[in-house]
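Values quoted throughout were computed directly from the atomic coordinates according to the rules given, and no laboratory measurement underlies them. These figures come from a predicted structure and were not determined experimentally. With ideal geometry, Cβ positions are generated from the backbone for all residues, glycine too; neighbour counts draw on all protein chains shown.
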Amino acid sequence: MRGHREAIGVAVVVAALIVAPLGQGNYIAYLLCSWLMLAIAAMGLNLTLGYAGRISLAQASFIGIGAYATSIVTLAHYPWVLGMAVGVVLCFVVGLLLGFPALRVRGHYLAFVTLAFNSLFFLVARNEDWLTGGTYGLSGMPRPRIGPVSTSGQLAFYYFTLAVALLAAVVLRLIVRSPWGRAFKALRENEVRAESLGLDVRRLTLLAFAIGSAYGGLAGAIEAPLVQYIDPGSFDVVQSLSLLLMVVVGGLGEFWGPVLGSAVAVLLPEALRVTAAYYLMLYAIAVILLMTRCPGGLIGLARRIAARPARRRGAAVS
Amino acid sequence: MAQFLQVLLSGLATGSIYALAAVGFSLVWQAAQAVNFAQGEFVMLPAFLVLIGEHWLHWPLWAALLFGFALSILLLGLAFKRLIVQPFGPDGGLPLVIATMALSILLKEAVKTFYGAEAEPFPSLLPNGTFHVGGAVVSVRDVLNLLAALAVVLLLTLFLDRTKTGRQMQAAAQNPGVAEILGVDVARMTLYAFLLNAALAAVASFLITPVYLAKFSNGESLGIVAFIAAIIGGFNRIRGALVGGLLIGVLDNLTATYVTLSYRAALPLVLLIAVILWRPQGLLGDEEARIV
Amino acid sequence: MTSPHLSVRGVFKRFGPVVAVNDVSFDVAHGEILGLIGPNGSGKSTLFNCILGQTAPDAGSVEVDGRRVTGSRACDLSLLGVGRTFQQLAVFPGLSVLDNIIFAAQEHRGGMLGRLFMRPDAGLTEEADRMIEFFRLGAVRNKLAGDISYGQRKLVDAAMAFMAGPRLVLLDEPAGGVNPTMLAELRERLLTYNREHGTTFVVIEHNMDFVMSLCGRIMALAEGRIIADGTPEEVRAEQTVIDSYLGG
Ligand SMILES: Nc1ncnc2c1ncn2[C@@H]1O[C@H](COP(=O)(O)OP(=O)(O)OP(=O)(O)O)[C@@H](O)[C@H]1O
Ligand SMILES: [Mg+2]
């Protein structure tokens, strides 16, 4: 019953996403692309933090690794798919390595280790001009071409992004629906107990980081041809914090949380037509209020509201 | 040698200001288990409050400073505790961390929107100029910054160790349950920690802003440095945070001069990762103080 | 059947100045139910942790079925057929009771990568439902484990320890906080399980009636040492055991 409702909901949203940019300007398509791109990265972070319970403040650096890899490969006239694959694999491996600290420390300490990693990535990106173009960054990345079809038009690129995002969502859905999903949650809830029941805590923690980071890399592979200009500043710690906010605002450990959270951060200010500065201030205040009232995020809030009349009904019956 | 002395001294001077922010950070951590991700912005803001007093209200500098200091304590101490930290109860966890991140965005954007995005000069409270010691050119401001910051930390340590209130604060932070039974007003002591943090942040702000100019984004790097100093020093001890701050200031300057300019910021980060992984209790902390 | 199921030799563990486990050696035969008693802080839980890979002992060795497992990780022991419960309740509060119990066996199914491609329940729902029925948890099957009563959680905890079909189970105070009716039931469940599956048990318990009526053999620990080992009657009569409790 609930599964049905969710399927219908997803179908409606996908249909809406297909028609959304039609008849709108290029800007709307661009905006939708950046939203989907961030949603992919936030989904990955949600796996690491929301499902497996390990905080990471380095997700922006993985978008960076993916974006630089894709840019370098495509600027050398190799296909986008190759660049994307290089970026994703690289992020998987680096994410795996970043998972090792998570075997030793938790909570705030892990937050600081990953934050330091992100800062180090920023320094490398800024200083290794030969590879990353330094502070000037890289620009002019071509948009991918699928067989005979080029995605250089904004609308075509939007559908391309939408397809990638849907594919990424489906894969993640399969992961969290499989026994792995339960294992990730068990890891989050009680690691010692999980290990005593046979869970290889070490391997699963590393995987939580590796997969989450690979999603960051995929987002980067979209960002490079989307913006067609990248520089270290796009991947700094502030960006990682804002991704973290998206995941938490949407709802930690909720599959659709990151999609909603990134929409609130990217699409809502446009819809409300307020300037960025005011929006950010309102957003910050709203986040503080949300955290005090409902740490489960917007989806947690929706669940609570949905559950309330049911409880009242239940009380009336008894 | 002369150059080394110069580099060392200016490193100590900046380091001592980092230490102020780190000490405040540790105080709040101890008192309320709250990791304040807006700590950098807490150091950024007071300078702007002074600028508001000076340029908008056209007050003399001393009045503006007083105004900035008082308002900082009100906003970053009292309001921060009442409105942001308190609603989360005794163990805020991740939601509280997220709230302080949001607060840092709020403070940054508010300054950018209402005051301006440009870097503003900030009046120096200390005389400029230099003097020579054995061939080294020493900036008077550096020396005075260092002395001022050290004096503040010394006073704080004396307050915490020698006065009744100070000892009650420590008791309240270490074991609130027992302290409560022994008649300590734990809520009040916690509030004091927040007020002290705000005061330290304001002092740090007044000392460091003349060096770097006032800019809304100043807090971004400052906050990270404060964390690093606090963690390296042992997170929950005042002296540790002081040493951590000085160490980072000096290391940063030494790397920049003798090793690499472009990667000067990397050393503290690497040090942070190493300390967390191999000595989570900090360089000065002991095993029992470990709180992972 | 001559070789013991569990064999502990010279296990030693200190925490700073405290010697929690002091040169403990004992064997447990297949199918035996061994009770472990002793005053608070006598080192019972620490001994469990040393056996199960949660704490590294300073000295000594542990063998399961003649296989040396000292230094193994807890997850490896679980795969060897050793289950446990914890003194501090250990369920996954954010998962449903059913998910808790399914999880308890899923890591024993296939390889890690294989599990990624299994059905969501890893084919364990039926088995989990049998376990739920066995422990009379049907009424809370789909509730979150964090939302059910303490006693029920205690049962979920026990159900999890049995779910993977272990041949050796270590229970740390299974009766703590469980009401008398449920207690009798728990004892029946454990005895039935032992009869039907030939499972070996080691049970830490402060509730003397419970432990005396459940266990065929009882071992008493005081200050990290074994001070008595025998049938319930023998241990009950042992003066040193009484002294250790009275002397604190
Ligand atoms: N992680 C630890 N760090 C320091 N000391 C510990 C630790 N775990 C146990 N101890 C100490 O080891 C001793 C044995 O503790 P243990 O928990 O094994 O006792 P127990 O027999 O299970 O007691 P209880 O019946 O109260 O559960 C105690 O003195 C305890 O304080
Ligand atoms: Mg115990």
Listed residues B:Phe80, B:Phe88, B:Phe42; largest mean-square fluctuation, Gaussian network over chain B with Cα springs below 10 Å, found at B:Phe88
Taking the reciprocal of mean 1/r across every pair of different Cα atoms in region B:2-278, the Kirkwood radius in Å is 19.1
Taking Cα atoms only, Rg over Rh for region B:58-117 with Rh from the Kirkwood formula is 1.09
Projected convex hull area of chain A, Cα atoms, direction-averaged, in nm², equals 18.8
Scoring only Lys, Arg, Asp and Glu (+1, +1, -1, -1) among other residues with Cβ under 12 Å from the Cβ of A:Leu204 yields +3
Rounded to one decimal in Å, the inverse mean reciprocal Cα-Cα distance for region C:138-182, i.e. its Kirkwood radius, is 11.6
When chain A is treated as a Gaussian network with springs between alpha carbons less than 10 Å apart, the largest mean-square fluctuation among A:Ser152, A:Ser196, A:Ser56 is found at A:Ser196
Fewest-first ordering of B:Tyr258, B:Tyr263 by Cβ atoms within 10 Å yields B:Tyr258, B:Tyr263
Any helix of chain A counts here only if DSSP assigns it H throughout, its Cα atoms span 18 Å or more along the axis, and its mean Kyte-Doolittle hydropathy is at least 0.0, and such helices are A:2-19, A:26-45, A:59-75, A:80-104, A:107-127, A:154-177, A:201-227, A:237-250, A:276-293, A:297-317
Of every Cα-Cα pair in region C:12-104, the percentage lying beyond 17 Å is 58
For the A:Val19, C:Arg119 Cβ pair and Förster radius 30 Å, calculated FRET efficiency rounded to 0.05 is 0.25
Here the FRET efficiency for B:Arg162 versus A:Arg303, based on Cβ atoms and R0 = 41 Å and rounded to 0.05, is 0.20
Given a Förster distance of 35 Å, the FRET efficiency implied by the Cβ-Cβ spacing of B:Ala187 and A:Ile285, rounded to the nearest 0.05, works out to 0.85
Neighbour-count ranking for B:Trp29, B:Trp56, A:Trp180 (other C-beta within 10 angstrom, fewest to most) reads B:Trp56, B:Trp29, A:Trp180
log10 I(q)/I(0) for region A:223-301, Debye formula on C-alpha points only (no solvent), q = 0.23 Å⁻¹, two decimals, reads -1.15
With Rg from the Cα atoms and Rh as the Kirkwood inverse mean 1/r over Cα pairs, region B:176-292 has an Rg/Rh of 1.05
Hull volume per residue for region B:17-170, using the convex hull of the C-alpha atoms, in Å³ is 148
Out of B:Leu83, B:Leu254, B:Leu12, a Gaussian network model of chain B with alpha-carbon springs under 10 Å gives the largest mean-square fluctuation to B:Leu83
Rounded to the nearest whole number, the per residue volume of the convex hull around the C-alpha atoms of region C:74-230 in Å³ is 124
Note to self: C-alpha centroids of region A:150-177 and region C:40-103 sit apart, in Å, by 44
Footprinting proxy, A:Ile211, C:Ile148, B:Ile181: sorted fewest to most Cβ within 10 Å, the residues are B:Ile181, C:Ile148, A:Ile211
For region C:53-111, the Cα-Cα pair-distance distribution in 5 Å bins from 0, as whole percents, is 4, 14, 22, 21, 19, 11, 7, 2
In this structure, among A:Lys185/C:Lys13; B:Lys81/B:Lys164; B:Lys81/B:Lys112; A:Lys185/C:Lys154; C:Lys13/C:Lys143; B:Lys81/C:Lys154, pairs with alpha-carbon gaps over 29 Å are A:Lys185/C:Lys13; C:Lys13/C:Lys143; B:Lys81/C:Lys154
Per 10 angstrom bin, beginning at 0 and ending with the bin that holds the maximum distance, the Cα pairs of region A:159-199 fall in percents of 29, 33, 22, 13, 3
The simple spin-label model distance between B:His132 and A:Val149, using points 7 Å out along Cα→Cβ, in nm, is 7.6
Counting only backbone N atoms under 15 Å from a point 7 Å out along Cα-to-Cβ of C:Ser3, the residues of region C:162-197 in range are none
Excluding residues fewer than 8 positions from B:Lys215 in its own chain, the aspartates and glutamates with Cα under 15 Å of it are B:Glu41, B:Glu109, B:Glu118, B:Glu120
Whole-percent tail of the Cα-Cα distance distribution for region A:2-130, cut at 22 Å, equals 52
Filtering chain B for DSSP H helices with an axial alpha carbon extent of at least 20 Å and a Kyte-Doolittle mean of at least 0.0 returns B:2-32, B:93-114, B:140-162, B:186-212, B:218-233, B:238-254
Percent antiparallel among DSSP beta bridges confined to the protein assembly as shown, rounded to 5, stands at 65
Rounded to one decimal in Å, the inverse mean reciprocal Cα-Cα distance for the protein assembly as shown, i.e. its Kirkwood radius, is 30.0
